[in-house]
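J.: Got a structure for you, written out below as structure tokens; questions coming shortly.
Coordinate-derived values only; no laboratory data. Nothing here was measured: the structure is a model prediction, and the numbers come from that model. Here Cβ is always computed from backbone atoms with ideal geometry, including for glycine, and neighbour counts include all displayed protein chains.
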């Protein structure tokens, strides 16, 4: 299996599903989706989602950005957003797939050092016992409707990602990251710091001492989208989070995000999400799990 035509690789929010993820995260067994595709998932990437897979038994082959990795029991696969991946599992492989939206990642990675940098690298490593325990707890909590479910899932997600970052660091070679990957990581850090100021690609390029054309080319090659799209996506993630988790009015959210005109914000959001801010909020409210009594 190879990725000969990068432009033909499909991009998903969740493999074959809608782009909105109103729950805290999504967790399913490897078999649940793989059995529908004869245990083989074609090359694809997720534009806004981070996935962590854990093989409990069985195995197969993973392809991450064109590199092939053998999978066996105990394998942990880290798949950041934008990275092309494909799987061919042996029949009856058991394990889990945890899918975390960018909105949740933004909440978790506040003042946590370089953890997000480590998790931005696709990797296949050996899972530690705490990772297996955390994944099992996530699956159990996700499958139920117990009191404080969302709070517990957020805590377990942070725990899982912390252990995954440690595993990646422990298995990483001592050499530094490729210049292209480093540039995109620095760009993402700048976007996080300045997205509310509505910096343009030229502003980020100037801060990174590269040309806008080079910055966008490297961003597309590394993440699958342009630098402009990375900037827009961060604003829209913040918009979706405000719409889903606060009672702020649409106009207030627009001003909070640095838009001078709420109507312009509404048009930008509708273009990005495929539905208006009010419709998005209604959809999230309708699809969110009912709270436990």
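J.: At 0.36 nm per residue, minus the direct Cα-Cα distance, what do residue 57 and residue 194 gain on full extension? Give it in nm, one decimal, please.
T.: Once the chain is fully extended between residue 57 and residue 194, it gains 44.9 nm.
J.: Express in whole angstrom the spacing between the alpha-carbon centres of segment 221-293 and segment 57-120.
T.: Answer, in whole Å: 26.
J.: Can you compute the modelled spin-label distance between residue 151 and residue 255, with each label point 7 Å from Cα toward Cβ, in nm?
T.: Roughly 3.2 nm, to one decimal.
J.: OK, next. At a temperature of 10 °C and a viscosity of 1.306 mPa s, determine how fast segment 179-286 diffuses translationally according to Stokes-Einstein, using the Kirkwood radius over alpha-carbon pairs as Rh; express D in µm²/s, rounded to the nearest whole number.
T.: Calculated translational D: 109 µm²/s.
J.: Let me ask something additional. Can you give the extra length, in nm with one decimal, that the chain gains between residue 282 and residue 137 once fully stretched, where that is 0.36 nm per residue apart less the Cα-Cα distance?
T.: Stretched fully, the residue 282-residue 137 segment lengthens by 49.2 nm.
J.: What is the packing order of peptides 192-202, 267-277, taking the mean over residues of other C-beta atoms within 10 Å and listing the highest first?
T.: 267-277, 192-202
J.: Would you mind ranking 259, 245 by Cβ crowding within 10 Å, fewest neighbours first?
T.: 245, 259
J.: Would you calculate the separation in nanometres between label points at residue 40 and residue 68, each defined as 7 Å from the Cα along the Cα-to-beta-carbon direction?
T.: Between residue 40 and residue 68, the simple spin-label model gives 1.3 nm.
J.: Ok, one more. Run lengths n ≥ 4 of DSSP H only: what is the helix-derived mean residue ellipticity at 222 nm for the chain, with -39500 (n - 2.57) per run over all residues, to the nearest 500?
T.: Result for the chain: -14500 deg cm²/dmol, rounded to the nearest 500.
J.: Tally the DSSP beta bridges in segment 8-171 and give the antiparallel ones as a percent, rounded to 5.
T.: 90 percent
J.: If I take R0 = 35 Å and measure r between the Cβ atoms of residue 114 and residue 29 in this structure, what FRET efficiency does the formula 1/(1 + (r/R0)^6) give, to the nearest 0.05?
T.: Calculated transfer efficiency: 0.65.
J.: Moving on. Separation between the residue 47 and residue 166 pseudo-spin-labels, each 7 Å from Cα along Cα→Cβ, expressed in nm?
T.: With each label placed 7 Å out from Cα toward Cβ, I get 3.6 nm.
J.: Let me ask something additional. Once you've got the GNM for the chain with C-alpha springs shorter than 10 Å, pick whichever of 50, 247, 92 has the biggest mean-square fluctuation.
T.: Greatest mean-square fluctuation among the candidates belongs to 247.
J.: Could you tell me what a quarter of the Cα convex hull surface of segment 8-171 works out to, in nm² with one decimal place?
T.: Dividing the Cα hull surface by four gives the mean projection, 9.0 nm².
J.: List 61, 125, 97 from most exposed to least, where exposure is judged by having the fewest other Cβ atoms within 10 Å.
T.: Ranked by crowding around the Cβ, least crowded first: 61, 125, 97.
J.: Let me ask you something else. Comparing 130, 80, 122, which has the greatest mean-square fluctuation in the GNM of the chain with Cα pairs linked when under 10 Å apart?
T.: In the Gaussian network model the winner is 130.
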